[in-house]
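The values are calculated or read from the model by the stated rules, or taken from the named source; none is laboratory data. On a predicted model such as this, the values are computed, not experimentally measured, just so you know. We place every Cβ from the backbone using ideal geometry, glycine too, and count neighbours over all the protein chains shown. Just the protein is used for accessible areas: all its heavy atoms, side chains included, with ligands, DNA and RNA removed. Shrake-Rupley method; radii C 1.70, N 1.55, O 1.52, S 1.80 Å.
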Amino acid sequence: MSKIIGIDIGGTNFRIGLTDGRGNVSDFRKQHVKTILKTDDVLKDIADFIEGYADGRKFDGIAVGFPATLNRERTKVLQAPNLKFMEDLPVVEYLRGRLNVPVFAERDVVFTLCYDMRKYEVPVEGITCGIYFGTGVGNAIMINGKPLTGRNGTAGELGHIPVEGSEEICGCGLKGCIENLAGGKYLAKLQRDYCPDTDIGNIFVEHADDDAVREFIAHMAVCVATEVNILDPDNVIIGGGVANMKGFPRDVLHDCVIERVRRPYPAENLRVIYAEDEPEKSVAGAGYYACDRMLRSS
Ligand SMILES: [Zn+2]
């Protein structure tokens, strides 16, 4: 059984754990980025962090997840609004050279989807879409167990489909991306503007029927329905912090999705699975991903 160090690189925290490619994670840690990136040499800081974490323990591979677009070869980060320090660095080459094990880099949502597909026993064959409503809208598409990458590596940027009439400037630099209307950042703005006396955690409990919240859910539905209409997937997994908030009206979202999906199919037999949020899932998913890749290359 392979031992993989799984790392989820975030703008605020790094998550790291030792995982086995079977969903088990040991020695899980969450560490603030400022305590890891201490010099101008980001790659050296990350390698030092991994070496310090391993502390002499043997491991067979490393899988690193980024909230970013990566090149098609999955060797470097192309663009990441919250990880400017990682853009265009040869992360895979450097870590492989320093730590002398196979290194895999991927979008963090791919790891999450790898985990959810195992947990919810989604068959590898066919098309599986993972749509994760967190701060933004994350999306990964698996076709027969392999992530869809596209020509440049940037397939599956569902959060950045344009909405006509929206003037909001997105973190990616474009105007009117849907994640600015369907992500957690916008939900926090709604709470400030429409119901400042409600705790954000209770917004769906207390305001699910308000027009502004309904419109937010409709924008979430546009994301889901758009992907469903294009791909006619075998399974859709919906997760992320927003979809897991207290009182989140899954039935309303489902109705809003079905309203926008082509008839009779895929509307009549659309399979949607809601995935729970778990702090260690991207690290566990990193293990699944790395073991799959090592198996394929062996
Ligand atoms: Zn965007």
Checklist entry - Assuming ILE131 fulfils every condition listed in (1) assigned to a helix (DSSP H, G or I); (2) crowded, with 24+ Cβ neighbours inside 10 Å; (3) in contact with a Leu (Cβ under 8 Å, 6 or more places away or on another chain) apart from one, which condition is it? => result (1)
Checklist entry - Quick one: would you say ASN180 is within 16 Å of the ligand (Cβ to nearest atom), crowded, with 21+ Cβ neighbours inside 10 Å, part of a helix (DSSP H, G or I) and polar (S, T, N, Q)? => result yes
Checklist entry - Quick one: is GLU157 open to solvent by 20 Å² or more (accessible area, probe 1.4 Å), charged (D, E, K, R) and within 15 Å of the ligand (Cβ to nearest atom)? => result yes
Checklist entry - So is LEU253 open to solvent by less than 20 Å² (accessible area, probe 1.4 Å), of a type outside the set (Lys, Arg), modelled with pLDDT of 95 or more and assigned by TED's automatic domain parsing to the domain that holds GLY136 or not? => result yes
Checklist entry - Quick one: in segment 15-41, which of the residues that are part of a strand (DSSP E or B) and in contact with a helix residue (DSSP H, G or I) (Cβ under 6 Å, 6 or more places away or on another chain) is surrounded by the most Cβ atoms within 10 Å (Cβ to Cβ)? => result THR19
Checklist entry - Based on what the data block shows, is VAL205 surrounded by 21 or more Cβ atoms within 10 Å (Cβ to Cβ) and either touching a residue at least 60 places away in the same chain (Cβ under 8 Å) or part of a helix (DSSP H, G or I) (or both)? => result no
